[in-house]
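> First the structure, then my questions, so here it is.
The values are calculated or read from the model by the stated rules, or taken from the named source; none is laboratory data. Source: prediction; values computed, not measured. Using ideal geometry, Cβ is built from the backbone for each residue, glycine included, and neighbour counts are taken over all protein chains shown. Calculation scope for accessible area: heavy atoms of the full protein, side chains included, ligands and nucleic acids excluded. Shrake-Rupley method; radii C 1.70, N 1.55, O 1.52, S 1.80 Å.
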Amino acid sequence: MPPKSRFTRLDAFTKTVEDARVRTTSGGVVTITSLLVILFLMWSEWSDYRRIVVKPELVVDKGRGEKMEIHMNITFPRLPCELLTLDVMDVSGEVQSGVMHGVKKVRLSNEREGGRVLEIKDLELHPTEDTVHLDPEYCGDCYGAPVPSTVKKPGCCNTCDEVRDAYAGKSWSFGRGENVEQCEREHYGEQLDAQRNEGCRIEGGIRVNKVIGNFHFAPGKSFSNGNVHVHDLKNYFESPVEGGHTFTHKIHELRFGPELPDAVVKRRGWAWSNHHGNPLDGHEQSTTEQAYNYMYFVKVVSTAYLPLGWDSKNLGSNLLDVRPDLAELGSYGKSESGSIETHQYSVTSHKRSLTGGSDANEGHKERLHARGGIPGVFFSYDISPMKVINREARAKSFTGFLVGVCAVVGGTLTVAAAVDRALYEGVQRVRKIHSS
């Protein structure tokens, strides 16, 4: 007989001979049940391992010189497109020039006629088209105002818009352009009168510097009077429409940055996507006063979404790996690696009558509004110094999955052995009672 191995004394799994084993029907049932339980729990562990969760991180935003896109879709049912102006301003109060945009003005029929689309036209924040004249030697008069620097032909105001710019430079009210040759040739007054009962929808996006600023919708042409930004309001207030024009509006969509792909929203679920939605979407305000002002104060928070495995593929790379001047409007912030650089925002709003007085109608008798201002809808945005990074990751690691599988197998077999032992002992006791 071979000598015993030195490891024999260390064997924790002692064996029994085959003749000493007893097989029972209850033991077979417990075994099959335990195997089914093991398979079910192992599948649950595998599903949990494959599950993707989003782990948010809060860091200091160290980006510099970045751009930001603002996408909007806003309807003004009681204001014609001819009177509506969009201005984009930075923190200094200066109107931003050279803003990349894809904004369209959509003319809408009267509310009583269903507000159907009449015409879609690109909004010209900074017109660059050359003026076509019947006579190349033609030089239009600026009617006492200095020639603006934006004219196409030096020393001449050859279009109605150039005459309006000249008037704006002197802070003169322009009106309908009566007795102005250029405006009569372009039928400016007739076009304005034809649109008096229409509404307007502004849709599209603009790309601005990622600094504190604002954009606003106001009536009439804008100009600077000293250090004050003002608008020519004559055509707005002198309206032949019953009740006048108002800034009743509905915000269908307002977002900062690219929209999340449907696959990301679907994977995260409704509750998650609703929490990360745009708070002003679907917001509506109504007024019957012409001299009324709406202000929205927006706090923008940079937010990055990193897909699963992004870290291993993009070590040391920047999220915004596309130059702003090379990216098309709507694509800035989206990376080929699948990451998305966008923004969330919170908002507070304020509205007031420009005629001043108390706010008793809104339930605030103690609040007094100042008199004066520009009617319109103003969005003032501030940039948060913090940044949220939503990083996709597995709910557990592969080693965690293996540990879970071992725990499932070992725990289930242990419980099954205890149940089988209890059943066997119970049956034996019952037999002894009956035999005695």
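> Sorting H434, H187 by accessible area (1.4 Å probe), largest first, what list results?
H434, H187
> Oh, and also: Distance between Cα centroids, the range 293-312 to the range 174-192: provide it in whole Å.
Measuring centre to centre over Cα atoms gives 45 Å.
> Rounded to a whole number, what % of the accessible area of the range 178-235 do carbon and sulfur atoms account for, probe 1.4 Å?
For the range 178-235, the apolar C and S fraction of the accessible surface comes to 45 percent.
> With a Förster radius of 56 Å, plug the Cβ-Cβ distance of S149 and V415 into 1/(1 + (r/R0)^6) and report the FRET value to the nearest 0.05.
0.05
> Another question about this same structure. Just to verify a number: what accessible area does D141 come out at with the full protein assembly present, 1.4 Å probe, Å² rounded to tens?
Probe radius 1.4 Å; accessible area of D141 about 90 Å².
> Given the peptides 32-42, 331-341, arrange them by the average over their residues of other C-beta atoms within 10 Å, most packed first.
In decreasing order of mean packing, 32-42, 331-341 become 331-341, 32-42.
> Now for a different question. How many nm is it between the label spots at F237 and L39, if each spot is 7 Å from the Cα in line with the beta carbon?
In this crude spin-label approximation the distance works out to 8.3 nm.
> Hey, any idea what % of the range 393-436's accessible area is carbon plus sulfur with a 1.4 Å probe?
Carbon and sulfur together cover 68 percent of it.
> From the cross-link list K105/K387; K170/K210; K299/K351, which pairs have alpha carbons spaced over 26 Å apart?
K105/K387; K170/K210
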